[in-house]
Structures are given as structure tokens and as C-alpha cells.
Amino acid sequence: MSEVGEVKAAWMNRTRVYRGLNMRCSPGLHERGLEMLIRNGAPKSGILDLAAGTGAWIARLEDAEFRDISAIERNTAEFGLPSIKPLDLNLDEDFASHMGRKFNLVTALEIIEHLENPFHFLREIRMLLEPGGWLLFSTPNVSSWHGRLKFLALGQLRGFDERNFYSQRHISPLTEAQIRPLLQETGFDMIERVTAGEFYGWGKLALLSPLWVPLCAWAGRSAWGDAGVHICRAR
């Protein structure tokens, strides 16, 4: 690795790949999501991945012996798994009626924050699930230590300021206090929530340790990690 590469890694974790496919997620999110599915005994067939990106997450599922996987992804040109042909559907619209079948497990990583109506999105997912079906989804962790400091200093949610509105289309922040009743009203029961991912590299974390160490000690595990990962069952 070059000296420049080492400096960048120390300051900020870089884009990673899985089976040659870019992982468009917080570092560690895919790994933690797979751990949650296996630990909780989620179904390993009849799966739909929403906003599938390049297919890196599906590739990881395939390597863990998950089968019968379908996908929805608007940017089909960058989807890199030849074994699957994703459907180009708008997740802000009524997408459930286009699928023609139900699923045992739906995964939706790094997408709900980009959508106009999380209630509508979850209701559409509920219609696609078999009775007792499973949902794994992620959200930006707005209660992370970074987020708490930004809100204290500027009164803004980390990842949802004007810059992120236009650059990443982050438009629907959700706190843990909102997610639980949101799931209840759309027909889901929460099984487990964890946090995952850290974009800051080891050097930046060491420099900022006087800020995040006491915050995490006070607020608990939920203050660490850029993403919240949730696994749920349909009622």
C-alpha cells in the first residue's frame, strides 16, 4: 500500500468490494446483517432484496447458501451478478403488485432513508411477505456519537443536512423511538436491533477519542456505528 493509501485508511475507511462488487454501505453493515439473519434463524430461500445496488449483498447471501433470491434495483446497468436480473421498479410507488409472488424474507439495506414515505414502503413490503415472513433493514444511526455532537452543536441531524439532501437524497431520518411504532403500525414486530459500521479510520478515531469514548460510555452501544440494523417478523 502506498503512503497516501495508508493516510487515507487511517483517516477514513474506503469503499470495499465483495466478489469484485462495490459494497455501497457503512463498513461492517453487510457482515452484521448476515450475522443477524443466521443468529435469528431467518429463512434461507424465497428472498427479495430491495435497492440491490451492485449485487454485493446478494453475493454474500449466496455464499452463505441463501437461495431463490430476487432483486429490485433502478440502476440495473451497475448490477453485477449475471445469475440474477433485477427488476427496475420505483420503491416510492406501489411496487408489491409487480412481483407476482410472496417471499419468506425481504432485505432492504441503505434505502429507507432515501424514500419519501417509510410507512408506504413498509406496507408494500408487508404485502410481499408470507405470514410470519422476515424483514431485515437498515437506517442511518442518527443517535450515533457523531450525530449527538452535530445536533448539540448545530441542531442538525448527521447525514440529513442540506448537503446530504442533494448529494445523497437523504430525506427520511428515523430515530429508534420512531422505528418501533412505525413497525407496529405497518404490521411488524421487532426482533433485534444492532448498530454497525464506522466510516472514520483508526487515526481519526484516535484523535477524536476524548469525544466519543465518554459519549459511548454514557449512551451505550447505540451511540457507536453509522447504521442501525433491524430484523423483524410480519404479524
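Scan around Tyr18 for amide H atoms under 5 Å from its own, H built in the peptide plane at 1.01 Å from N, and keep only partners 5 or more places away or cross-chain.
Met23
So with the 1.4 Å probe, I'd like the accessible area per residue for region 27-186, rounded to whole Å².
On the way: 7320 Å² over 160 residues.
Value for region 27-186: 46 Å² per residue.
Roughly what angle does helix 209-219 make with the longest principal axis of the chain, taking Cα atoms, 0 to 90 degrees, to the nearest 10?
50
To the nearest 10 degrees, how steep is helix 118-128 against the longest Cα principal axis of the chain, on a 0 to 90 scale?
Roughly 40 degrees between the two axes.
Would you grab the residues whose amide H sits under 5 Å from the one on Met12? Only those 5+ places off in sequence or on another chain, please, with H modelled 1.01 Å from N.
Amide H neighbours of Met12, under 5 Å, 5+ apart: Gly201.
Please list the non-local residues whose amide H lies under 5 Å from the amide H of Val106, H modeled 1.01 Å from N, same-chain partners needing a gap of 5 or more.
Leu48, Trp134, Leu135, Leu136
Leaving out ligands, DNA and RNA, and with a 1.4 Å probe, what % of the accessible surface on region 132-179 is carbon or sulfur? Provide the component values of the computation, followed by the final result.
Numbers: 1360 of 2380 Å².
About 57 percent, which is the carbon plus sulfur part of the accessible surface.
Of the accessible area of region 1-126, with the probe set at 1.4 angstrom, what percent is carbon plus sulfur? Could you put the intermediate results ahead of the total?
Numbers: 3010 of 6180 Å².
Carbon plus sulfur share of accessible area: 49 percent.
Please sort 31-37, 167-173 by packing, taking for each peptide the average over its residues of neighbouring beta carbons within 10 angstrom, highest first. Intermediate values should be presented prior to the final figure.
Values: 31-37: 18.9, 167-173: 14.1.
Order by mean packing, descending: 31-37, 167-173.
Determine the calculated [θ] at 222 nm for the chain from helices alone, applying -39500 (n - 2.57) to every DSSP H run no shorter than 4 residues and normalising by the residue count; nearest 500 deg cm²/dmol. Could you put the intermediate results ahead of the total?
Working: 9 runs with 82 residues, N = 235.
That calculation yields -10000 deg cm²/dmol at 222 nm.
The values are calculated or read from the model by the stated rules, or taken from the named source; none is laboratory data. Predicted model only: the values in this text are computed from it and were never measured. Backbone-built Cβ (ideal geometry, glycine too); neighbour counts: all protein chains shown. Note: accessible area is taken over every heavy atom of the protein model, side chains too, but ligands, DNA and RNA are not part of it. Shrake-Rupley method; radii C 1.70, N 1.55, O 1.52, S 1.80 Å.
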